[in-house]
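See below for the structure under consideration.
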Amino acid sequence: MGGGLVAAADESGGFGGGSAAASDVDAGESTTRGAAAKRRPPNQYIQEKAKRHITFSKRKAGLLKKANELACLTGTEILLLVASEAGTIFFHATDKFRQLVEPPDARRRISQCLYA
């Protein structure tokens, strides 16, 4: 093995830890032994409106949280705009970008660009 690392096989012939090399596992297979793995649905358009709305809400919240974390941890200036199907604009902006999205006419201008 490279890098001076040595791994010992366990009784079942595996190397413990429950992980396998990416080349040894198909995309749909679990990489853990003995436990059911969480399966992600394929990235495709969600036809059912209620499920689509729930997915949008959860993913939007996660995306906004990640943008905030990135700005806090690295001092990065961030402007994130998310437009819903209904036309509602959500944003996260650090101080330098806030002036672009907070004035009363800013959201109207953004909506005009998106839905022109």
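The values are calculated or read from the model by the stated rules, or taken from the named source; none is laboratory data. Remember, predicted model here, so these are calculated numbers, not experimental data. When we count neighbours, we look across all protein chains shown, and the Cβ atoms used for this are built from the backbone with ideal geometry, even at glycine.
Tabulated results
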| item | result |
| --- | --- |
| Residue match in region 82-94 (condition: assigned to a helix (DSSP H, G or I) and out of contact with any strand residue (DSSP E or B) (no Cβ under 6 Å at 6 or more places or on another chain)) | no |
| Residue match in region 59-79 (condition: surrounded by fewer than 11 Cβ atoms within 10 Å (Cβ to Cβ), closer than 30 Å to Pro41 by Cβ, among the small types (Gly, Ala, Ser) and at pLDDT 95 or above) | yes |
| Candidate set: region 83-98, residues that are modelled with pLDDT of 90 or more and of a type in the set (S, T, N, Q); chosen: the one farthest from Ile54 (Cα to Cα) | Thr94 |
| Test: residue in region 12-23 that is farther than 17 Å from Glu85 by Cα, surrounded by 12 or more Cβ atoms within 10 Å (Cβ to Cβ), at pLDDT below 50 and among the hydroxyl-bearing types (Ser, Thr, Tyr) | yes |
